[in-house]
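Some notes on the structure that comes next.
The values are calculated or read from the model by the stated rules, or taken from the named source; none is laboratory data. Everything quoted here is computed from the prediction, not taken from an experiment. Cβ atoms come from the backbone with ideal geometry, glycine included; neighbour counts cover every protein chain shown.
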Amino acid sequence: MAMAMHASTLVLQWHVLGMYIPSFFSGFLVRKMTAPYLILLGVFVMGLECISALQGTEFLPFAVALILLGIGWNFMYVGGTNLLVEQYHPSEKNTIQATNDTIVYSFAILSTYSAGYLEHKIGWLSLNLVSIPFLVFVSIVTLYYLQKRKGMGLQHG
């Protein structure tokens, strides 16, 4: 994957924007869609990311993939955080969210530092293919949660 430094820098800037700009409206989405459906939307966007990434390492598919990765991450993070804190007593929410954020950002740091190494060792194609089972797992768990909530007569959450 050979890309000019300014091009890769631009892509990374757009990736970070993709991660955080949706926060301006993801709170609205989680209220309208509920947290599990926002998680599933995030999985869908991440699936589109994989499709784009598998098109190659030229500028356009690389840029689209990383922007979609940021957006998908945001939706899954916001949905997951909302779903998590809904499970606890209000007095516990701050502690739970802080613990969750620590875990999430610790894995984000690990991912950031390992991405270049993994891309070098296993390649761009394999790196993106390996994420698909995780997306399937998240989808199955989320759909199971929705089915269980529906069976309990609870429509929101």
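Per-residue answers, yes or no, for (1) in a loop (DSSP other than H, G, I, E, B); (2) within 20 Å of S139 (Cα to Cα); (3) in contact with a Phe, Trp or Tyr (Cβ under 8 Å, 6 or more places away or on another chain):
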| site | (1), (2), (3) |
| --- | --- |
| H15 | no, no, no |
| F24 | no, no, no |
| F44 | no, yes, no |
| E49 | no, yes, no |
| P61 | no, no, no |
| I67 | no, no, yes |
| I71 | no, yes, no |
| N74 | no, yes, yes |
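Hey, can you tell me all the residues within region 24-52 that are modelled with pLDDT of 95 or more and small (G, A, S)?
Within region 24-52, A35, G42, G47, S52 qualify.
For V45, are the conditions met, namely being closer than 30 Å to H6 by Cβ, free of Cβ contacts under 8 Å to residues at least 60 places away in the same chain and surrounded by 11 or more Cβ atoms within 10 Å (Cβ to Cβ)?
Yes: the conditions hold for V45.
Being touching a helix residue (DSSP H, G or I) at 6+ places or on another chain (Cβ under 8 Å), closer than 23 Å to I51 by Cα and surrounded by 12 or more Cβ atoms within 10 Å (Cβ to Cβ) is the filter here; which residues of region 99-124 pass it?
Answer for region 99-124, where residues must be touching a helix residue (DSSP H, G or I) at 6+ places or on another chain (Cβ under 8 Å), closer than 23 Å to I51 by Cα and surrounded by 12 or more Cβ atoms within 10 Å (Cβ to Cβ): L118, E119, W124.
With respect to V11, determine if the residue is in a helix (DSSP H, G or I), β-branched (V, I, T) and within 23 Å of F134 (Cα to Cα).
In short, no.
Go through region 87-105 and report how many residues are modelled with pLDDT of 90 or more and closer than 18 Å to V138 by Cβ.
3
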